[in-house]
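The values are calculated or read from the model by the stated rules, or taken from the named source; none is laboratory data. Every value quoted in this text rests on a predicted model; they were computed, and no experiment measured them. Methodologically, a virtual Cβ is constructed for each residue, glycine included, from the backbone with ideal geometry; neighbour enumeration extends over all protein chains shown.
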Amino acid sequence: MNIKIAAVCDNELSGKMLKESGEKMNLVVNYEVQDDKGITNKLSNQVIKNSNIVLFVTEKEVEQIEEIERFIDREYYEVLPQFVIQNPENVISEIITDLN
């Protein structure tokens, strides 16, 4: 299974760690950062549509995600940024296990 994850992160570090871990695990992670400056590296609708899962790496409530309507009808997971920073491979492994 070729797994693709679209991640919405509170910070750049979380996104980079997920992307690097995804590459090591032979899967694709695309991410955007949503912080007080707005959206950086915004995920395209095509990337979101082609992803198996959306991962919200945030301390906010999902309803507070900017342009949340882009993610409607997509299966998603939520995780706090500190868990991704501590062990991104573990977060990805849990998602893969759930998808299988």
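Structure above, values below:
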| quantity | calculated |
| --- | --- |
| Lone unmet requirement of (1) free of Cβ contacts under 8 Å to residues at least 40 places away in the same chain; (2) surrounded by 15 or more Cβ atoms within 10 Å (Cβ to Cβ); (3) assigned to a strand (DSSP E or B) for I39 | (2) |
| Some residue of the stretch 2-19 being within 17 Å of Q86 (Cα to Cα) and either modelled with pLDDT under 95 or polar (S, T, N, Q) (or both) | yes |
| Members of the stretch 17-31 found to be without any contact (Cβ under 8 Å) to a residue 24 or more places away in the chain and either in a helix (DSSP H, G or I) or touching a helix residue (DSSP H, G or I) at 6+ places or on another chain (Cβ under 8 Å) (or both), listed by number | K19, E23 |
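Residue by residue, here is whether (1) more than 21 Å from N2 (Cβ to Cβ); (2) hydroxyl-bearing (S, T, Y); (3) in contact (Cβ under 8 Å) with a residue 60 or more places away in the chain holds:
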{"position": "G15", "(1), (2), (3)": "no, no, no"}
{"position": "V33", "(1), (2), (3)": "yes, no, no"}
{"position": "S44", "(1), (2), (3)": "no, yes, no"}
{"position": "E63", "(1), (2), (3)": "yes, no, no"}
{"position": "L80", "(1), (2), (3)": "yes, no, no"}
{"position": "F83", "(1), (2), (3)": "yes, no, no"}
